[in-house]
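First up is the structure itself, then whatever we jot down about it.
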Amino acid sequence: MDDPQFRQLLKFFNLSWKGYRKVRKGVKKRIARHMQTLDCRRIERYLQILATDKTAQNACLDLLTVSISRFYRDRRVWTVLEENILPDLISRHPERIRIWTAGCARGEEVYSLKMAWAELDLETAARSRLEIVATDMNSDYLARAQEGVYNRGSVRELTAQQLGRHFKSSRGGRRLSILPELKTHISWACQDLVAEQAPSGLFDIIFLRNNLLTYYRDPQKSAAFARVTARLGRNGILIIGAHERLPDTADGFVPVSGSRLIYRRR
């Protein structure tokens, strides 16, 4: 599959060439294999099948999903969370804090949250209850996230102390499994941010990093962004990716001091 053909496929799904440009090599290989399984040699025929076969379309969307993540990705975000945002939320919401990771991939972000929460310097009795809703459109990624097993590349941002506190190692340290106590109070669900409604209820923090704002184009991007952020509670926190920016239609968000990736809804 060459770039012009790949652009045709992205246009079919209203996806962004700019978002895929640097990661397209591996994605194109996966799509080419899918075309072969459907006995398609021409992109035009492939698009015809996708237009009429929902199963093939969903399989293609899974193959277009990009998961490049690691624990504590964008370290400054986590520093601001641990030192400012989470303690402030605990003081204002002593009973419960709800967080949604929208596009959770293989779970690194979700478990980073649980680790950050466990390491807060607060009395356990004074803590709010942390509830996390983790969604992704790729069911295979969700299954791997729930399993909670990672390689060394995923944890390169972590200290030896963090690895010792939160993981069980095997295979000579090459396989790292999240401890069971970090898997509690997490709701996992398969969800397409563009095509489906957001989870019910309001959230204190929404992680919307390296997915919707990177890989989609308007009008779907702006419409989905509005649906997602409608779930932010009063003074709720929105966190985006390092190479992303808010849509031009976004209104009512102000940057949080300490990170250009964190916004508070007014």
Handout entry: Glu196/Ala160 FRET efficiency (R0 35 Å; Cβ-Cβ; nearest 0.05)
Key = 0.30
Completion exercise
Output ordering of 7-13, 92-98 (per-residue mean of other Cβ within 10 Å, highest first) is 7-13, 92-98
Practice task
Using only alpha carbon pairs under 8 Å that are at least six residues apart, calculate the relative contact order of the chain and give it in whole percent.
Solution key: 19 percent
Handout entry: Local net charge near Pro199, Cβ-Cβ under 13 Å (Lys/Arg +1, Asp/Glu -1)
Key = -1
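Semi-axes of the equivalent ellipsoid of segment 125-207: what are they in whole Å, largest first, if each equals the square root of 5 times a C-alpha gyration tensor eigenvalue?
27, 18, 11
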Completion exercise
Per-residue Cβ contact counts at 10 Å, fewest first, order Cys60, Cys190 as Cys190, Cys60
Problem - Convex hull of segment 161-238 built on C-alpha atoms - directionally averaged projected area, nm² - result: 7.6 nm²
Completion exercise
Rounded to one decimal in Å, the inverse mean reciprocal Cα-Cα distance for the chain, i.e. its Kirkwood radius, is 19.7 Å
Exercise for the section: Would you mind ranking Met1, Met115 by Cβ crowding within 10 Å, fewest neighbours first? Expected result: Met1, Met115
Completion exercise
Rounded to 0.05, the calculated FRET efficiency for the beta carbons of Arg245 and Arg144 at R₀ = 25 Å is 0.25
Practice task
Grab the beta carbon distance between Val23 and Ala226, set R0 = 22 Å, and tell me the FRET efficiency rounded to 0.05.
Solution key: 0.25
Problem - Helical mean residue ellipticity (222 nm; -39500 (n - 2.57) per DSSP H run of 4+; nearest 500) of the chain - result: -10500 deg cm²/dmol
Handout entry: Relative counts (whole %) of C-alpha pair distances in segment 203-254, using bins that are 10 Å wide
Key = 24, 63, 13
Completion exercise
With the convex hull built on the alpha-carbon atoms of segment 3-64, volume per residue in Å³ sits at 74 Å³
Exercise for the section: Among Trp78, Ile186, Phe12, pick out the residue whose Cα is farthest towards the positive end of the charge dipole of the chain, where Lys and Arg carry +1 and Asp and Glu carry -1 on C-beta, about the Cα centre. Expected result: Phe12
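Since every read-out is calculated from the coordinates, none of them should be taken as a lab result. In this text, all values refer to a predicted model and were calculated from it rather than measured experimentally. Ideal geometry is used to build each Cβ from the backbone, glycine not excepted, and the neighbour counts take in all protein chains shown.
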